[in-house]
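Q: Have a look at the structure that comes next, please.
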Amino acid sequence: MNIQAFTVDDLHEIVDALSTAVDAKDPYTHGHSERVAHLAIAIARTMGMTREQQSILHIGAHLHDVGKIGVPDAVLCKPGRLTDEEYAAIKMHSMIGYNIVRKVRILHPVATIVRSHHERMDGRGYPDGLQGEEIPMEARIVAVADSYDAMTSQRLYKVCVSPAEAVNEVKRCAGTQFDADVVEAFNQLFASGALTIEQSA
Ligand SMILES: [Fe+2]
Ligand SMILES: [Fe+2]
């Protein structure tokens, strides 16, 4: 192993290994991180983000739920309604993920995305209750891609909705939960047919 010749591709492989670890822990999210990363990048391109921003976003989207590794299985895989304590345990995953990723100094911007992917534009998200532009743009994009994928994929004990229904739900939450510009780009993707093709893949 030539550590001197460490490249961005090598970094990406490390990130991939971490996200595979969380997928292995939580089978129903299998492929979730991958799909979220794919959709997030498509949104970022539509919004004209720089290549550097896209790279950070790509890694952040891959790792967004890595903190689920620290959430007990009994809670993570529990069918039916969660108690307040169980919901609080699930919500810890964004801070746990932040604390994992921030150990790698060059991944600090990525750690911020992981931390903030459940923030909402109206300030009612977690863990920090950030509002609007206080939330990094990359995290606002992951929030939309994450919700869309959660709604459209089959999960244990949960019925999924059609892509069209999910898009309507995302649009309904523009300005409150989601950034309106991100929703606009996402909607453009859907209207152009790009989203349906990705979903059926
Ligand atoms: Fe999450
Ligand atoms: Fe997620």
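Q: Run the reach check for LYS103 against lysines, Cα to Cα strictly under 18 Å, same-chain hits fewer than 8 apart removed. What comes back?
A: LYS68
Q: Pick out which of ALA40, ALA174, ALA88 has the largest mean-square fluctuation in a Gaussian network model of the chain, springs linking Cα atoms closer than 10 Å.
A: Looking only at ALA40, ALA174, ALA88, the largest GNM fluctuation is found for ALA88.
Q: Now a separate question. Sorted from largest to smallest, which semi-axis lengths in Å does the alpha carbon gyration tensor of the chain give for its equivalent ellipsoid, taking the root of 5 times each eigenvalue?
A: Details: eigenvalues 111, 94, 61 Å².
Largest first, the chain gives 24, 22, 17 Å.
Q: In what order do MET49, MET92 fall by count of nearby beta-carbon atoms within 10 Å, going from fewest to most?
A: Least to most surrounded, the residues fall as MET92, MET49.
Q: In the chain, which helices (entire DSSP H runs) extend 15 Å or more along their own long axis, judged by Cα positions, while averaging at least -0.5 on the Kyte-Doolittle scale?
A: 8-25, 32-46, 51-63, 137-152, 180-191
Q: Amide H to amide H under 5 Å from PHE178: which residues, 5+ apart in sequence or cross-chain, H placed 1.01 Å off N in plane?
A: Hits under the 5 Å cutoff: MET121.
Q: Nothing charged except the Cβ atoms of Lys and Arg (+1) and of Asp and Glu (-1): what's the magnitude of the dipole of the chain about its Cα centre? Round to the nearest 20 debye.
A: On the way: 19 positive and 27 negative charges, 50 e Å.
Computed about the Cα centre, the dipole is about 240 debye.
Q: Another question, if that's okay. Which peptide among 50-56, 185-191 comes first, and what is the full order, when sorted by highest mean count of other Cβ atoms within 10 Å? Don't jump to the answer; show the numbers that get you there.
A: Details: 50-56: 14.3, 185-191: 18.4.
Packing proxy ranking, top to bottom: 185-191, 50-56.
Q: Based only on other Cβ atoms within 10 Å, what is the fewest-to-most ordering of TYR98, TYR87, TYR126? The partial results should precede the final answer.
A: Working: TYR98 22, TYR87 11, TYR126 17.
In order of increasing Cβ crowding within 10 Å: TYR87, TYR126, TYR98.
Q: Which of MET47, MET151, MET121 moves the most in a Gaussian network model of the chain with Cα springs under 10 Å?
A: The residue with the greatest mean-square fluctuation here is MET47.
Q: Here's a follow-up. Mean residue ellipticity at 222 nm from the helices of the chain, using -39,500 (n - 2.57) per DSSP H segment of n ≥ 4 over the full residue count, to the nearest 500 deg cm²/dmol?
A: It comes out at -18000 deg cm²/dmol, rounded to the nearest 500.
Q: Which translational diffusion coefficient, to the nearest whole µm²/s, is obtained for the range 114-192 from the Stokes-Einstein equation, given a Kirkwood hydrodynamic radius over C-alpha pairs, 37 °C and 0.692 mPa s?
A: Value of D from the Cα-based Kirkwood radius: 258 µm²/s.
Q: Cα to Cα, under 13 Å, and not fewer than 8 places away if on the same chain: which aspartates and glutamates meet these conditions relative to LYS25?
A: The reachable aspartates and glutamates, counting only those whose Cα sits under 13 Å from LYS25, are ASP65, ASP73.
Bear in mind these aren't lab numbers, they're just calculated from the coordinates by the rules spelled out. Just so you know, these numbers come straight off a predicted model, no measurement behind them. So basically every Cβ, Gly included, is an ideal-geometry build from the backbone, and we count neighbours across all protein chains shown.
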